[in-house]
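Taken together, the values in this text are just the output of simple stated rules run on the coordinates, not laboratory data. It should be emphasised that the depicted structure is a prediction, and the values quoted were computed from it without experimental measurement. Every residue, glycine as well, gets a Cβ built from its backbone with ideal geometry; the counts of neighbours run over all protein chains shown.
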Amino acid sequence: MAASVAVAVVLAAAGAFLAIRFAGTQHRGAGPAPRGPVELRMPLEFTQVADERQGRPCPSGYLPEGTADACLQLESGGFQVARVDAIEAALPEHSTTWGVELTFTGDDAEAFARLTERAAAARAGTPGQRIAVVVGGEIVSAPVVMQPITGGEVLISGDFTRTQVDDLIERITGG
């Protein structure tokens, strides 16, 4: 039974989380098979958060955080992902919300590990502990990072339905 138990590092923040899959943690629902490698039509941006403000409208230099009332200012020095080894919709075990599972290329996996290392080293409770995932200028998730994430397989999740995840994948990949 222990072999079938999934091991995942889950990082929670405002209803969103980022997880790295070590072994079989996701259930794939009906729908397209995993795709990859994939050139992304719309790059994914991963950037450390510099500051957070409550209330809308957002001040200049800040982006709204999804449907939350928060606005985030992002650090420079993040990175963009234009190609992934795999991308698919996934339903984490013991969850009712869907996510987008990515397998980074080698260089992007290393860049992501460095970025999560910086975020994990930030003072606890500060915006610097968060990494924003940006698609088309919109923040889709901004989890708190408690420890560096290595391995190159990441689940971007939040309060997403399967339809929302499929739409996001289509938007990112162009089909």
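Quick one: 3J(HN,Hα) in Hz for segment 75-87, Karplus 6.51/-1.76/1.60 with θ = phi - 60°, rounded, Gly and Pro as x.
Taking θ as phi minus 60°, the curve returns 5, 7, x, x, 8, 10, 10, 10, 8, 10, 6, 7, 8 Hz for segment 75-87.
Where the only charges are on Cβ atoms (+1 Lys, Arg; -1 Asp, Glu), what is the dipole of segment 89-128 about its Cα centre, to the nearest 20 debye?
Numbers: 3 positive and 6 negative charges, 60 e Å.
The dipole magnitude comes to about 280 debye.
With a Förster radius of 25 Å, plug the Cβ-Cβ distance of Thr150 and Ala122 into 1/(1 + (r/R0)^6) and report the FRET value to the nearest 0.05.
0.90
Return the whole-Å distance between the Cα centroid of segment 54-74 and the Cα centroid of segment 38-53.
What the calculation gives is 15 Å, centre to centre.
Among Val144, Val165, Pro59, whose Cα projects farthest towards the positive end of the dipole of segment 42-170, with charges put on the beta-carbon of Lys, Arg (+1) and Asp, Glu (-1)?
Pro59
In what sequence, highest mean first, do 101-107, 122-128 appear when ranked by Cβ atoms within 10 angstrom?
101-107, 122-128
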